[in-house]
Amino acid sequence: MKRIFNAALLLTLLCATAYARQQPTARKLDEFGGVPFSDMLARLDNFAIELQNDPGASGVIAVYPEMSDRLPGWYTRRAYWAKGYLTKPRGLGEGRVSVVNGGFRDKVTYEFWLVPAGAEQPVKPLDWAEALSREKNPVLFDRAVYENRPRVPEDSDYEDYTDPKDRHEPFVSALRANPAARGFIIAYALRRDARGRDRRLAAREKLSLMKLHAIGAERVTAVGGGLRKNRTVEFWFVPPGAEPPKPTPDARPSRIRRR
């Protein structure tokens with residue numbers, strides 16, 4: 001009887017091993033840190049070739065924001081920019097590429113994964129509720145800066161390929177994971193802008209969140225922050241019970257010349 005049991009056990013193990021060998025597995029193609037956009041474009045081109053050579057596979061862009069950084073949404077937004085590049089200029093269909101925030105690390109890291117049909121997803125998504133549960137003060141989640149200068153030649157190849165809905169997906173994910181938390185949008189205008197431009201800019205961003213992500217108006221507050229040297233929009237995550245952030249303008253209104 002013991003021999004029969006051992007033989008059956010051995011047969012079961014052999015079958016399990018053979019099945020595991022037949023199962024497709026995801027393959028990591030690239031891993032890198034915070035590189036310039038030109039470097040990321042070259043890496044994305046290689047990633048696109050791998051996906052085109054395997055039409056049945058999907059791609060995963062995994063991002064690991066820097067643990068000490070106070071802009072966790074920026075790195076994920078850059079990953080969505082990479083997804084947009086693969087979908088639009090490189091012609092990969094919608095649904096072929098996804099973005100996953102894998103959690104915080106000591107240094108920002110990006111990974112490109114090739115996932116064959118039937119393979120398990122290689123990266124477990126970050127639990128925003130757990131990641132932000134210990135925060136007691138407002139967190140500057142993301143910042144968009146529109147620089148007040150002409151585009152220089154070395155930046156001429158840059159285009160924003162990010163899908164409008166993906167642009168604020170990280171911020172919305174954090175809010176949805178924490179129903180008691182609030183979002184706070186502060187916008188800053190330029191000295192030469194018409195009065196009230198900062199308030200209108202903040203209101204426009206809030207309206208975009210409400211339309212594209214079905215976020216309730218009561219979850220997000222939009223305010224004008226005054227003037228800065230560059231047009232800027234900040235997205236703040238405000239934990240339950242925390243005071244909202246205060247605007248920090250760094251420019252004064254132009255003086256009106258009297259005749």
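If you go through region 92-132 one residue at a time, how many are in contact (Cβ under 8 Å) with a residue 12 or more places away in the chain, part of a loop (DSSP other than H, G, I, E, B) and not β-branched (Val, Ile, Thr)? Selection size over region 92-132: 20.
Mind listing just one residue for me: the one in region 42-68 that is among the acidic types (Asp, Glu) and either farther than 18 Å from Glu94 by Cβ or not assigned by TED's automatic domain parsing to the domain that holds Phe104 (or both) and, of those, surrounded by the most Cβ atoms within 10 Å (Cβ to Cβ)?
In this case the residue turns out to be Glu66.
When Val172, Val220, Val233 are checked against the criterion of being outside the structural domain of Gly84 (by TED's automatic domain parsing), surrounded by 19 or more Cβ atoms within 10 Å (Cβ to Cβ) and more than 18 Å from the chain's Cα centre (by Cα), Val220 stands alone in meeting it. For region 133-159, the candidate set comprises residues that are modelled with pLDDT of 90 or more and assigned to a strand (DSSP E or B); within that set, the residue that is surrounded by the most Cβ atoms within 10 Å (Cβ to Cβ) is Phe141. Of the residues making up region 59-91, just one is free of Cβ contacts under 8 Å to residues at least 60 places away in the same chain, among the basic types (Lys, Arg) and not in a helix (DSSP H, G or I), namely Arg90. Flag not set for Ala119, criterion: surrounded by 15 or more Cβ atoms within 10 Å (Cβ to Cβ), over 18 Å from Ile185 (Cα atoms) and at pLDDT below 90. Tell me yes or no: at least one residue of region 189-200 is closer than 27 Å to Glu135 by Cβ, surrounded by 19 or more Cβ atoms within 10 Å (Cβ to Cβ) and touching a helix residue (DSSP H, G or I) at 6+ places or on another chain (Cβ under 9 Å). No, every residue in region 189-200 fails to be closer than 27 Å to Glu135 by Cβ, surrounded by 19 or more Cβ atoms within 10 Å (Cβ to Cβ) and touching a helix residue (DSSP H, G or I) at 6+ places or on another chain (Cβ under 9 Å). Per the conditions (1) touching a residue at least 24 places away in the same chain (Cβ under 8 Å); (2) surrounded by 13 or more Cβ atoms within 10 Å (Cβ to Cβ), the sole criterion not satisfied by Ala203 is (1).
The values are calculated or read from the model by the stated rules, or taken from the named source; none is laboratory data. Quantities reported herein were computed from a predicted structural model and do not represent experimental measurements. We place every Cβ from the backbone using ideal geometry, glycine too, and count neighbours over all the protein chains shown.
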